Amino acid sequence: MSPFHPPAEQFLGVQLLAPTAAYDYEYWKGRLVNPGLLVGAAAVALYRLPLLAVPVGTDRRGGFMDMASPVFADALAGALRGRPGFDQVSASGQAVTWGEPMPEGLAADARRRFQGLREEPDYGPFIRPPDGHGGRDSGVRSKPPAPGSPPQRRPTPPRAAVEAGAAYP
């Protein structure tokens, strides 16, 4: 029988997994100028949501991750030290940085280039939500539909309305 460990003690470790295990792997794949950097990336697992730490190289000069607390930041810095592409790893408060330090006062485009990111994300085929969706993508420029793609349709409205408690006696 194993001894009881309080929840805070159980979560102090940082686990590095394969890059494809990261929740945001596709997000980074679409944003990086050089997606080949993902080969050396690591999924950082805290709790149950692994997020991607992308190494520096070619077009990417520096990277960072914000952690939940300085304890986690120190643990992640220790786990990344010595890995290729994670040079000059340091933890300061809740932030973990690697590569060159980002110069102060950079404009948004210069920060994007420093981190090796595309001007426009390349997320592959663009799927547009139905009219009136009101999601986060409202007002965002969209890619034109691919040649030969089906025309956009509105979802079919429900045929009958049922009261919420109607199914129960």
Checklist entry - Looking at the range 51-90, which of its residues are under 16 Å from Phe114 (Cβ atoms), among the aliphatic types (A, V, I, L, M) and part of a loop (DSSP other than H, G, I, E, B)? => result Val54, Val56
Checklist entry - Of (1) exposed (fewer than 11 other Cβ atoms within 10 Å of the Cβ); (2) at pLDDT 60 or above, Gly132 satisfies all except one. Which? => result (2)
Item to check | Answer from Arg113, Arg60 - the residue that is under 14 Å from Gly40 (Cα atoms) and touching a residue at least 40 places away in the same chain (Cβ under 8 Å) | outcome: Arg60
Item to check | So Asp59, is it acidic (Asp, Glu) and in contact with a strand residue (DSSP E or B) (Cβ under 7 Å, 6 or more places away or on another chain) | outcome: no
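The values are calculated or read from the model by the stated rules, or taken from the named source; none is laboratory data. In this text, all values refer to a predicted model and were calculated from it rather than measured experimentally. Here Cβ is always computed from backbone atoms with ideal geometry, including for glycine, and neighbour counts include all displayed protein chains.
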